[in-house]
Amino acid sequence: MKRLVILISGRGSNMEAIVKACAAEGWPASIAAVISNRPDAGGLQFAAERGIATAVVDHKAYASRDDFDAELARIIDSFSPDLVVLAGFMRILTPAFTARYERRLLNIHPSLLPAFTGLHTHERALAMGCKVAGATVHFVTAELDHGAIVMQGVVPVQPGDDAKTLAGRVLTAEHRIYPQSVRWFVEDALVWVGDTVQHRDGAAQQLLLS
């Protein structure tokens, strides 16, 4: 039975999708805790209402990123996780932190990496005239929005799309591919091949949505 700790900064819709899928599909896992860097994060209430332990490590209370990450790691480790899941956690993590959880720290990014790392992904995709967009689940490394790709969800860019409509379509894909990726981890279905990750049984690592 794998133990999961999920980090959020706001509503935590991807956290909700993972929690619900874990329960509905009977994963060999439990959500040990949901932790936020913001005390007003809406997702904390969702977790608490389901009996999941919650904690807040307010980044504003720490003089440096290193100090914040050290305290965050201490709280995370108190729950003995097998996997740490970033679900809308809006903090750039230090190399020491990412090394601590190497190959057991997942993130989702709202673009088809390696395209459009960083912020404003949907605006940038539209400005470039992209015909498809999407989201990527990947293992976290010290380099922002890099690391081995677990799964990607691809959605079409529709005529007349703006950043809001495209973001909504991509979020639907996120809610599909993130729970699937986490489930693969807890079922030991992911195999490392050098610096890349494959599904042990060759399952498709992309989801195409119309």
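Report yes if PHE139 is closer than 21 Å to GLY194 by Cβ, modelled with pLDDT of 95 or more, touching a Lys or Arg at 6+ places or on another chain (Cβ under 8 Å) and surrounded by 17 or more Cβ atoms within 10 Å (Cβ to Cβ), otherwise no.
It is true that PHE139 is closer than 21 Å to GLY194 by Cβ, modelled with pLDDT of 95 or more, touching a Lys or Arg at 6+ places or on another chain (Cβ under 8 Å) and surrounded by 17 or more Cβ atoms within 10 Å (Cβ to Cβ).
Among the numbered conditions (1) of a type outside the set (Ser, Thr, Tyr); (2) surrounded by fewer than 21 Cβ atoms within 10 Å (Cβ to Cβ); (3) in the same structural domain as LEU166 (by TED's automatic domain parsing), the only one that HIS122 does not meet is (2).
Here the condition is being in contact with a helix residue (DSSP H, G or I) (Cβ under 8 Å, 6 or more places away or on another chain) and either exposed (fewer than 14 other Cβ atoms within 10 Å of the Cβ) or not hydrophobic (A, V, I, L, M, F, W, C) (or both); of ASP40, ASP82, it holds for ASP82 alone.
Count of region 75-116 residues, restricted to those that are in contact with a Lys or Arg (Cβ under 9 Å, 6 or more places away or on another chain) and assigned by TED's automatic domain parsing to the domain that holds LEU144, is 3.
Residues to consider are GLU25, GLU71; find the one that is touching a residue at least 12 places away in the same chain (Cβ under 8 Å), in contact with a Phe, Trp or Tyr (Cβ under 7 Å, 6 or more places away or on another chain) and of a type in the set (Asp, Glu).
That would be GLU71, the only listed residue that is touching a residue at least 12 places away in the same chain (Cβ under 8 Å), in contact with a Phe, Trp or Tyr (Cβ under 7 Å, 6 or more places away or on another chain) and of a type in the set (Asp, Glu).
Scanning region 145-179 for residues that are touching a residue at least 40 places away in the same chain (Cβ under 8 Å) and farther than 19 Å from HIS122 by Cβ yields GLY147, ALA148, ILE149, VAL150, MET151, PRO179. The lone criterion from (1) without any contact (Cβ under 8 Å) to a residue 24 or more places away in the chain; (2) buried (at least 17 other Cβ atoms within 10 Å of the Cβ); (3) of a type in the set (A, V, I, L, M) left unmet by ALA48 is number (2).
The values are calculated or read from the model by the stated rules, or taken from the named source; none is laboratory data. What you see is a predicted model, and the numbers here were worked out from it, not measured in a lab. Don't worry about glycine lacking a Cβ; one is built from the backbone with ideal geometry, like all the others, and counts go over all protein chains shown.
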